[in-house]
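*Asks:* Structure incoming, see below.
The values are calculated or read from the model by the stated rules, or taken from the named source; none is laboratory data. Only a predicted model underlies this, so the values are computations on that prediction, with no experimental measurement involved. Counting neighbours? That spans all protein chains shown, and the Cβs are built from the backbone with ideal geometry, glycine included. Ligands, DNA and RNA are excluded from the accessible area calculation, which covers all protein heavy atoms including side chains. Shrake-Rupley method; radii C 1.70, N 1.55, O 1.52, S 1.80 Å.
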Amino acid sequence: DKQTKMNYTPNSTKRTLKKCINEICEHPEAFAKNPGKDFTRSRKLPFKHVLKSVLSMTGKSIRGELMEYFNLNPSMPTVSAFVQQRNKVNPYAFETLFHAFTNSINEQGLFKGYRLLAVDGSDLHTPTNKDEKGSFYEGTNGQKPYNLFHLNAFYDLQRRIYTDAIVQGRRWVNEHKAFITMVDRDNTSI
């Protein structure tokens, strides 16, 4: 079996991601929590900038992230404006972007005729949100309250990309169900 040689460079990968973002941003109404209302007016943070800024975040404070994203521009949006705009985005936008990007890398690297997928899960701490019942934990023994999610992911070993992921609240985690769901929705013919 011939294996497809991967010629992806950081620049070509970035171009592919930008292309996927641009395609999704052609229809912001499809990814707004309130279609017909959200992202209909011109703002400092249109849909495209909200997506790109969220993707570029590295773990700093929101203010620090915005300062970096807007290159310390004094007319950058406020943290409040960013949070309001971010809250208008349906999480489906990021899922769609993820799948558009991974599907654009259409090389089917095989190992002896087989597709090799690794499956694993990891716990993720997120900012505290008491309303998120499936992930919220009260702190004990002086510990602050926190939220914990579980990320289940498929990783294609030959293509070196994640091909699917499911995030579950840690209280309701079911790795077997997540695995079955990812297998069922895998659209590759291999």
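*Asks:* Please identify the pairs in which a residue from the range 34-46 that is in contact (Cβ under 8 Å) with a residue 12 or more places away in the chain and among the basic types (Lys, Arg) has its Cβ atom under 7 Å from the Cβ atom of a residue that is open to solvent by less than 100 Å² (accessible area, probe 1.4 Å) and assigned to a loop (DSSP other than H, G, I, E, B), counting only partners at least 6 apart or on another chain.
*Replies:* Hits for this filter: Lys44/Pro77.
*Asks:* How many of the residues making up the range 26-63 are among the small types (Gly, Ala, Ser) and either touching a His at 6+ places or on another chain (Cβ under 8 Å) or surrounded by 13 or more Cβ atoms within 10 Å (Cβ to Cβ) (or both)? Give the derivation first.
*Replies:* Taking the range 26-63 first, the residues among the small types (Gly, Ala, Ser) are 30, 32, 36, 42, 53, 56, 59, 61.
Checking the rest, the ones that are also either touching a His at 6+ places or on another chain (Cβ under 8 Å) or surrounded by 13 or more Cβ atoms within 10 Å (Cβ to Cβ) (or both) come to 32, 53.
Total satisfying the criteria: 2.
*Asks:* Among the residues in the range 104-121, are any closer than 20 Å to Asn22 by Cα, in a helix (DSSP H, G or I) and under 12 Å from the mean Cα position of the chain (by Cα)? Working first, answer last.
*Replies:* First, the residues of the range 104-121 that are closer than 20 Å to Asn22 by Cα: 104-106.
Then keep just the ones that are in a helix (DSSP H, G or I); that gives 104.
From the residues that got through so far, the ones that are under 12 Å from the mean Cα position of the chain (by Cα) too are none.
So far as the range 104-121 goes, no, none of its residues is closer than 20 Å to Asn22 by Cα, in a helix (DSSP H, G or I) and under 12 Å from the mean Cα position of the chain (by Cα).
*Asks:* While we're looking at this one, here's another question. Identify, from the list Ser75, Ser80, the residue that is part of a loop (DSSP other than H, G, I, E, B) and over 15 Å from Ile21 (Cβ atoms). Step through it out loud before you land on a result.
*Replies:* On the way: Ser80 fails: part of a loop (DSSP other than H, G, I, E, B).
Exactly one of Ser75, Ser80 is part of a loop (DSSP other than H, G, I, E, B) and over 15 Å from Ile21 (Cβ atoms), namely Ser75.
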